[in-house]
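> Structure incoming, see below.
Read-outs throughout are calculated quantities, based only on the coordinates presented, and are distinct from any laboratory measurement. As the structure is a computational prediction, the values presented were derived from the model and not from experiment. Please note: Cβ atoms are built from the backbone with ideal geometry, for glycine as well, and neighbour counts cover all protein chains shown.
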Amino acid sequence: HVAPVIGRIHLAYLPDRRLAGISKLVRVVEALTRRLIVQEKLTAEVARCIQTVLEPRGVAVIVEAQHHCLTTRGVHRDQVRMTTSEMLGAFQQDAGLRSEFLATVANAGGN
């Protein structure tokens, strides 16, 4: 089935030699979200794209989304959100860095 998915993406990267402006990161996300894709694969593709192009020391991506297949079909649950994450490089290897990113995302709350 095909139903809308509404959510947000939290993204962090630790630059090495290359920097990208926020608008470029948004373009990556927009390009990948325009296709039919499952959330788990989207999360991984955003992280891998940034890793491949910028070659940073690390990339962290969290996608939180509400799937309308749950709100309009089947179980009819409004408050169900699915969260997926992908950590590469320093975010995968350094527990402190990963914790800092996760805390920042948690503090972002509903903003």
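> Karplus couplings for segment 43-55 from phi (6.51 cos²θ - 1.76 cosθ + 1.60, θ = phi - 60°), rounded to Hz, Gly and Pro as x?
Working through the residues one at a time gives 4, 5, 5, 4, 4, 5, 4, 5, 4, 5, 7, 8, 6 Hz.
> Let me ask another. Could you work out how far apart the two model spin labels at Glu100 and Thr83 are, taking each label as a point 7 Å from the Cα in the direction of the beta carbon, and quote it in nm?
It is 2.0 nm.
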